[in-house]
Amino acid sequence: MRVWREYYCYMSVEDTTVGRHIRRLLELNAAGLTVERLRSLINKGGNPAGKEDIIATLQELHKEGFASVGRDRKWRARHAVELRRNAGINRHGNGATDDPLGLGTRLEALPVTAAEGPAGGSEASLPEGDLNADTTLLTKLLPYYQEALRAGDEPRQNALPTEKHGVTFALLRPYGSWWPTRESGSTLRIARSVLPAELEESIAKRGGRKLLLGYPNVAVGQRGQDESPFLRPVGLQRCGFRFTDDHLELYLPPAQPGINQDWLRGARHYNWTPERLQSWLYWEDAEDRVEADDEIGAPDFVDFHRFSQRLASAMRRQIRSALDPTVLDGHLDGNPVPGIYNVMTLIADAEGPYTRGATGEYNRLLKLEPNDFEGTALGALFGARPMTFERLPLIHPLELSETQLAASRGALEGPLTVITGPPGTGKSQIIASIMVSAAAAGKSVLFASRNHKALDAVQERLDDVTGETPLLTRASSQESGGGFSFAQAVTALQTSGAAGEQRAAWRAYDQLREIDERRWVLLHEWQALARASDRVARALDEIETIQRKLREERAAAGQEALSSVVAAGTDGAKLSRRQRRPFWSRIVSLPVDWLRKCLDVVIARLGFAGAPEIGHGRRIRDLEKNLDKAGVELERAETDVKERRRALESESETPVELTQQVTRKSVEYVPRLAERLRSVSQAEREELTAIAGDQQISGGRSSELSETAMSAVLAHMPLWAVTTLSASSRIPLHAGVFDYVIFDEASQVDIASALPLLYRAKAAVVVGDPNQLTMISKIPAHEEQQLLKRWNLLREGIGRYAQSVTDFFAFANSAGVARQFLLTEHFRCHPEIADYINEAFYGRKLTALTDVTRLRIPAHGDAGLNWTDVQGPVKKRGDGRSGGSAASEREATAILEEVRRLIEGGYKGTIGVVTFFRYQAEIINRELGKAFSGDQMKRHNLRVFTTTRFQGDERDVILFSLCLSRDMPPGARYFIQQERRLLNVSVSRARAVCHVFGDHGYAKTSGIPHIEKLARKTERNEQRGPGRYDDAFDSIWERRLYDALVENGLNPIPQYPSGGRFLDLALIDDTRKPSVYLDIEVDGVAYHQDYDGQHLSSDLWRDHQLRGLGWKVLRFWVYELREDMEGCVERINAEYRA
């Protein structure tokens, strides 16, 4: 518009012929104009001109030497071309020397001087001493996290059209060793006098964002008549920049170049796989490295010089000019022969869209003062005063176990809740319940995860209970590649149904709230009973300990007193050995209590009455006093238990029954809730219409929607889901605009990506599992150190905050304000599979409650863990240019045969194949594709995965190719040894069967603990049979009850396994119809050893589950057994015989 206004004013006083119009327009626009743009501008002036006339005029102007056309098909005034030619490049051109028609263009490099060291530093600092987690520290960490996001973003640059040289990129030509090393960075200086004006403008517009340096560069020829050639960098490095009066200074941090992912994807054109080529460029011993999906650890430090040497050895046929970064080429033909050239590029467009959005949010956070974070989850994480949270009813249309219930309740109470969810413990059920409860109470939730799979799992849970009206809004979608924005939400709500009758929905909510309140009152009473039971157990334990010590002291005192008696009344030397032996034999065989009384009399008569008081006597007296005190405490505790028991037995409902009521009524209520939320009143419709109009007039993006507008949307669409990578472009950044933010798979989330999301919410719920896959940092250790040094953060204690070291789950879990919950009930895997992961990874804290009757077990095969012994070499790829990793052809063949056996045997369940290595996955996938049709594979959902791509998924049968043998690549073995979490993920994907294929003998002696344990487990399971139990008693009272039952002709089984638990005593009679299953529990004999301290009342849920499995449960307290053992036995006998 500026060009046209100037020209319009000129036309009012000048000749208006077409030639003069074109002359003036080209003089006003040095960047050039296309024929179409010239025609548009001329026609706007009221002097229509045809395209043919304009072209004919341009040809005449070209002949006159006034104008020329470039490869971008833009016409420019001749003086602009001459200025660009001067010195190869100058302030008004694009760095290309042209012939009159733009043919034979040559790109000239800008001269550059290089120096060691940074081009300036940060003024941010921290006082010396400890790093205290407060908002002052947060403000110092924010710029570091912003830089870390940029450093961790994989560099990519798809194409640099030669016509954009001097506009968005330029060739550079520093001399000597200009690149950074591991220890120090470098600075490049470019005189502003030679810097193209348009490139300078492009750089200036980047603000605080970084530029890219690319070396070497691949030239790609014209792909069509209308397309110009372009360059594509191979190696890329980010660099900071600043303008001085005379120079543009580029700062290259001490880091190695990254590889351009856009170029790497095309490596197959050069007979390389991307993974193998990347290993070749970065690792000294590339043949022993595993592939990118399987990789652990950091590569060697490779500077630009080593990088170019390795590239030249890998791509000899593609090299067009010798690669030597110390002597770069000074120019490049505008239409070069395709290949790799020894040229460097400076690129203005450096960041990907996700990083650009996230770092842009940090620009806003950096402007905040420490107290601005109060009232947000981010502030609470760093010690700021949190919000006060009202207690919300817990509404769950999905069944919740005991620990799920406790964790869901705790999460609603804020400000920071950390939930550890091992495989199969129902994390998505918890998240869905928290979200429904929040929405019902008028609260909003932002649900975030690194990947879409976690979002899909929760959405499926919610969609199953909401009916046709969804509750969850997906701001980012994997299927469409887009999502639903807040601006779209404003438009959608304007056409929502009118607010109708909502009293029924509110009445249902009030009923749920009343049931929930009763549930928690009763649960607190049951918790009080559990605490009283603990008092009984502690008192009994103390009494047993004192009685044992008393027996020991009395025995020791008796022996000492007897020695005194013999010494005083008998000349021991005169007695023969034959005479003394019967006397001692008779004495020590007497009862201890009777002996003690006799000794007291003898000691008194012989004058030794004071002696025991000095030693054993004093200790005996003290123990007797303590025994009396323990007896009083036991009596009080048992009285408390009796009273609380009577009160609870008078209640008509238990907390478990009330929880079932909440689930049933929630299923009916949630569809009503969804309909209520989408109902819009007339006043709200007017407000939304005004918001939409204001948004269009201002031209604002959805991510810039005002806080008021967001609140209007959240009132009707309170639940949003987004990936952490796309949040910046989908969800506006406002302090505490959401009530809750929930992170799933939080161990895969980095700290820097999480902080802006925490700022958007008042409270946070962090869900994850440190024993499964964690984030993969793209920041090498040396670069992390340099970042911390730059911001004066490299000191003791910084590891907790380090972007490349600590994942977000670990960071949140270590916060003092966090409430931790551990989900201990496992519902996915067969008990044998669950038992292995429980023992190997979770310290036996899990309880397997899987309903085995619902598992789809193959007709001809064992459920649980199985192992097929496959011996043979594990090899790396034979051709070094075709990829890395490891594979076992014999394992692949054995798995193919097992899949064939399952499918041909009529198995109806789903099948998955998992392996650590991509090479093995490729081999198996290829063979399965040959052996089975697409329909067969689809029917069984038959897929082959590497472990890193399988988390969050599951199958009925998992076939696990271990690829471990004595003869295998050292790098692959080291990977298996170090990364134990991958084994946890691999095994726990199986519901009914986990079938391992590998060298069983070597696995048992491999020296890798988690592999050896797996091999031993399958070996034990080969001998499994019915009736397995551990014959042990938890207390003397269980033993006494057992003996009493046996005396009455019954056959109780101690510690009988059922439903993932061990029963104290079990009576079973399978000969009767129906069968009799009687569980006998003894209470008040052991402490409640809750691993996370959050169990509500384990016995309630335990008994509920056992009754569901057909057991009848009888409970007896110790005081009942002590006071009336005979009556307890009669009661058991009556129940068993009934």
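Just so you know, all these numbers are worked out from the coordinates, no wet-lab data involved. None of the values given here were measured: they were computed from a predicted structure. With ideal geometry, Cβ positions are generated from the backbone for all residues, glycine too; neighbour counts draw on all protein chains shown.
Separation between the E1019 and E52 pseudo-spin-labels, each 7 Å from Cα along Cα→Cβ, expressed in nm?
The answer from the label model is 9.3 nm.
What shape does segment 395-469 have by the C-alpha gyration tensor, where a ≥ b ≥ c are the square roots of the eigenvalues, rounded means a/c under 1.5, and otherwise prolate means a/b greater than b/c and oblate the rest? It would help to have the intermediate numbers written out before the result.
Numbers: a/c = 1.29, a/b = 1.10, b/c = 1.17.
Taking the square roots of the gyration eigenvalues as a ≥ b ≥ c, segment 395-469 is rounded.
Which value, in debye to the nearest 20, describes the size of the charge dipole of segment 334-459 about its Cα centre when Lys and Arg Cβ atoms bear +1, Asp and Glu Cβ atoms bear -1, and nothing else is charged?
80
Could the peptides 926-938, 1099-1111 be put in order, highest first, of the mean number of other beta-carbon atoms found within 10 Å of their residues?
Numbers: 926-938: 13.2, 1099-1111: 17.2.
Order by mean packing, descending: 1099-1111, 926-938.
Label 7 Å along Cα→Cβ of A115; segment 168-208 residues with amide nitrogen under 19 Å?
Only 173-181, 184-195 fall inside the zone, counting backbone N under 19 Å.
Among E275, E643, which comes first, second and so on when ranked by fewest other beta-carbon atoms within 10 Å?
E643, E275
For Y1042, Y362, what's the fewest-to-most ordering of other Cβ within 10 Å of each Cβ?
Numbers: Y1042 19, Y362 22.
The most exposed by this proxy come first: Y1042, Y362.
How do V18, V870, V741 line up, fewest other C-beta atoms within 10 Å first?
Listing V18, V870, V741 from fewest to most nearby Cβ atoms yields V18, V870, V741.
Quick check: pseudo-label points 7 Å beyond the Cα along Cα→Cβ at R844 and R900, how many nm apart are they?
About 4.4 nm, to one decimal.
Using the Karplus curve 6.51 cos²θ - 1.76 cosθ + 1.60 with θ = phi - 60°, what ³J(HN,Hα) values do you get for each residue of segment 668-683, in whole Hz, with x for Gly and Pro?
6, 7, 4, x, 5, 4, 4, 5, 4, 5, 8, 7, 10, 6, 5, 5
Hull surface divided by four, with the convex hull built on the Cα atoms of segment 709-853: how many nm²?
12.4
Of K876/K938; K427/K453; K140/K778; K845/K1013; K642/K1112; K164/K778, which ones are farther than 19 Å apart at the Cα? It would help to have the intermediate numbers written out before the result.
On the way: K876/K938 30 Å; K427/K453 13 Å; K140/K778 22 Å; K845/K1013 17 Å; K642/K1112 22 Å; K164/K778 30 Å.
Violating the 19 Å limit, Cα to Cα: K876/K938; K140/K778; K642/K1112; K164/K778.
What does the extension gain come out to for D463 and H860, with contour length at 0.36 nm per residue minus their alpha carbon separation?
That works out to 139.3 nm of additional length.
Normalised by the number of residues in segment 433-496, what is the relative contact order in percent for Cα pairs under 8 Å and 6+ residues apart?
Details: 27 pairs, mean separation 9.5, N = 64.
Rounded, it is 15 percent for segment 433-496.
How much FRET efficiency would the formula 1/(1 + (r/R0)^6) give for T893 and R316, where r is the Cβ-Cβ distance and R0 is 35 Å, rounded to 0.05?
After rounding, the FRET efficiency stands at 0.40.
What is the extension gain from N941 to Q309, computed as 0.36 nm multiplied by their sequence separation minus the C-alpha to C-alpha distance, in nm to one decimal?
Going from the current span to full extension adds 222.9 nm.
Based on Cβ point charges of +1 for Lys and Arg and -1 for Asp and Glu, what charge dipole magnitude is obtained for segment 825-866 about its Cα centre, in debye rounded to the nearest 20?
On the way: 5 positive and 6 negative charges, 28 e Å.
Around 140 debye, computed over segment 825-866.
Extending each Cα 7 Å along its Cβ direction at T34 and S193, get the distance between those two points in nm, one decimal.
3.8
Given H placed 1.01 Å from N in the peptide plane, which residues other than close sequence neighbours of L400 have an amide H under 5 Å from its amide H?
Amide H neighbours of L400: none.
For segment 777-874, which GluC sites (Glu not before Pro) pass both filters: DSSP loop (anything but H, G, I, E, B) and at most 11 other C-beta atoms within 10 Å?
E796
Name the long-range amide H neighbours of S186: under 5 Å, sequence gap of 5 or more, or other chain; modelled H, no Pro or chain starts.
The list, which skips near neighbours in sequence, is G117, L252.
State the extension gain, in nm to one decimal, for the chain segment bounded by D134 and Q785, taking 0.36 nm per residue of separation less the distance between their alpha-carbons.
Between D134 and Q785, full extension yields 232.1 nm more.
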